[in-house]
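A short worksheet on the structure shown next.
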Amino acid sequence: AVLILLAPNFCCFRDIWNWGQGLGEVTAGHAAHASLSLKNFSQHFWKSPLQTIGEEQTQNPYTELLVLKAHHDIVRFLVQLDEYRFASAGDDGIVVVWNAQTGEKLLELNGHTQKITAIITFPSLEVCEEKTQLILTASADRTVIVWDCDTGRQVQKVSCFQSTVKCLIVLQRLDIWLSGGNDLCVWNRKLDLLCKTSHLSDTGISALIEIPKNCVVAAVGKELIIFRLVTPTGESLEWDILEIKRLLDHQDNILSLVNVNDLSFVTGSHVGEMIIWNILDWTVQARECNFWDPSPQLDTQQEIKLCQKPNDISIHHFTWDEENVFAAVGRGLYVYNLQMKRVIACQKTAHDSSVLHIAKLPNRQLISCSEDGSVRIWELREKQQLAAEPVPTGFFNMWGFGRVNKQASQPVKKQQENATPCSLELIGDLIGHSSSVEMFLYFEDHGVVTCSADHLIILWKNGERESGLRSLKLFQKLEENGDLHLAV
C-alpha cells in the first residue's frame, strides 16, 4: 500500500494522528492521495529545548511524501541496490525490494523465520560478463540467505552457524564475504566456508570494517581485534584468518565503527568515547571524551553532574567528509574537525531522544533521525566573529563612568576562544513516523527514504522537482492526444 501526501512537515502531528490507523484502510495495490498544509505544530503543543523552525521551511525541499507499507513489524534496515532501487528488512524476517522513484513494491523475499539482523549487497565482479546483484541477509534464526534481487530467487542458504550473525561485510577485491557472530567466518561467492576463527565472545562481534593489507577490524565488546586474511598462494591453496592485535583503549562497549578515509577509522562507545585510529599502524591519532561539553569550563565537576545518564552520551553512528567527522552522541550532533582535532559545532539537543543514524548531504548539510520519530535536516554554518566587549564593573561603571576593569573582560575573551567556530542550524523537519526512525537512505534524484518501528517506510520527495515532472508528463500526454494545440 502506498499513501502519497504533500507538504508533510507537521511537527509532532504524530501525537495526534496515528499513521498506522490512518493507513489501515488503504487497500493493498492501491494508492490513496491526500494533501496537507505545510505546518510546524511543535511550538503550539509544548515547550522543548529543541531548536525549532518556522512554518515555511523554505530551505527544506522535501515537501511531498509516499508512505510504503509492506512490513508487519519494526523495519530496521535499508540498503541501496542501484540508482533507483532499495531493499528494506526488519523484525518480520521479510526483505522487500522497492522502486525509489515511484514507491512501487517490486519483490518480496520470504525465507527467514525470525528477525533479520544484518543485510548487505554483494555485487558481481567487474570482469564477470553476467551481472547479478545479490543480497545477503542474516537472521536470528541462525541462517544467512543469498538472494538474487533482480528475480527474487533464493540462491542459497547457510544454516551451520552456532550463533546469530550480527554483521556482514563484503571484501569486493577478494570476492569473499565475512560473517560476524560469536566467531568470524570467511565465505566465497558459492557459500563455501573458507576459514573461521575460534569462539571470540558470547556477546559476539557488533561491527566489522575492512582496512589495508588484507586486514579487518572487529568490534567485540570494548575491544577492537585486528585480523589478517591469508590468501591462497602457490605453496598453499588454503585460506586462513589470523588474529594480529587487540586494542584495549575503550572503557565501555563499542557501538559504532566506520572507515573515515584512506588514513583513518573511528570508533565510538557507550560512554561517549570517540577514538580516531591510524588505519595502517592502528595507533590512536585523536581522542574525544567530552562531547556533552565541547568547550572547557571552569567547573568541570559540575559539568559532569549535568550529564544525565550513560545512554545520553552513547555514540550510535558516524558519518564524515574530507574535513570532519560527524557524530551522533545521545540526543545531540557533534562536528569534529580532523585537522584541528576539536569539536567545531554541536547541537546538544538535536532531538528529543537518542539519534540513531546520520548522513552527510551536499552543500554542507546533515540529516539525522531519532528514537523520537523525527528526521531533521541541518546546515553547517560558520559563526560571525564578533569583537569582545569588556565588561564594566562597579557602581559608577554601571552608568558609564570610570575605567573598565581588565580582569573582568578576561572571562569573555576566554569564552570566545573556547566557543565553537561553527553552528548546526535546523533547516528542515520531516515528521511522518509515529515511532522510532531506525535509519534512512539518501538518493540524489529520488529523495530520502526512512524506515521506522511503526512498520512503515516513507519516501520523502523534492516537491518542486516532482511538480515539474508531473507537469512535463501532462504536456507530453496532451501532445500525444493532440489536445495541446486545442488548449493553446
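The values are calculated or read from the model by the stated rules, or taken from the named source; none is laboratory data. These numbers come from a predicted model, not from an experiment. Cβ coordinates were reconstructed from backbone atoms using ideal geometry, including for glycine residues, and neighbour counts include every protein chain displayed. For the accessible areas, the whole protein counts, side chains as well, though only heavy atoms, and no ligand, DNA or RNA atoms are used. Shrake-Rupley method; radii C 1.70, N 1.55, O 1.52, S 1.80 Å.
Of note:
- Remark: accessible surface ordering of PHE475, PHE291 (largest first) is PHE475, PHE291, probe radius 1.4 Å.
- Going by accessible surface with a 1.4 Å probe and the largest first, PHE77, PHE443 read PHE77, PHE443.
- Area accessible to solvent at ASP240, 1.4 Å probe radius, in Å²: 70 Å²
- Calculated FRET value between LYS196 and ASP352, using beta carbons and R₀ = 35 Å, to 0.05: 0.20
- Distance between the modelled labels on LEU474 and GLU56, one decimal in nanometres: 2.4 nm (7 Å Cα→Cβ projection).
- Sequence ranges 152-165, 312-325, ranked by mean other-Cβ count within 10 angstrom, highest first: 312-325, 152-165
- Taking each of LYS213/LYS245; LYS105/LYS461; LYS105/LYS166; LYS69/LYS473 in turn, the alpha-carbon distance tops 19 angstrom for LYS105/LYS166; LYS69/LYS473.
- Region 47-150 - percent of accessible surface contributed by carbon and sulfur, probe 1.4 Å: 47 percent
- Distance in nm between pseudo-label sites at THR102 and LEU263 (7 Å out along the Cβ direction from Cα): 4.8 nm
- Peptides ranked, highest mean first, by Cβ atoms within 10 Å: ranges 133-142, 253-262: 133-142, 253-262
- Probe 1.4 Å, accessible area per residue of region 103-262, Å²: 47 Å²
- Placing R0 at 30 angstrom, the Cβ-Cβ distance between THR151 and GLN172 gives a FRET efficiency of 0.85 after rounding to 0.05.
- TYR84 accessible area, 1.4 Å probe, all protein chains in place, Å² to nearest 10: 110 Å²
- Carbon/sulfur fraction of accessible area - region 175-280, other protein chains in place, 1.4 Å, %: 50 percent
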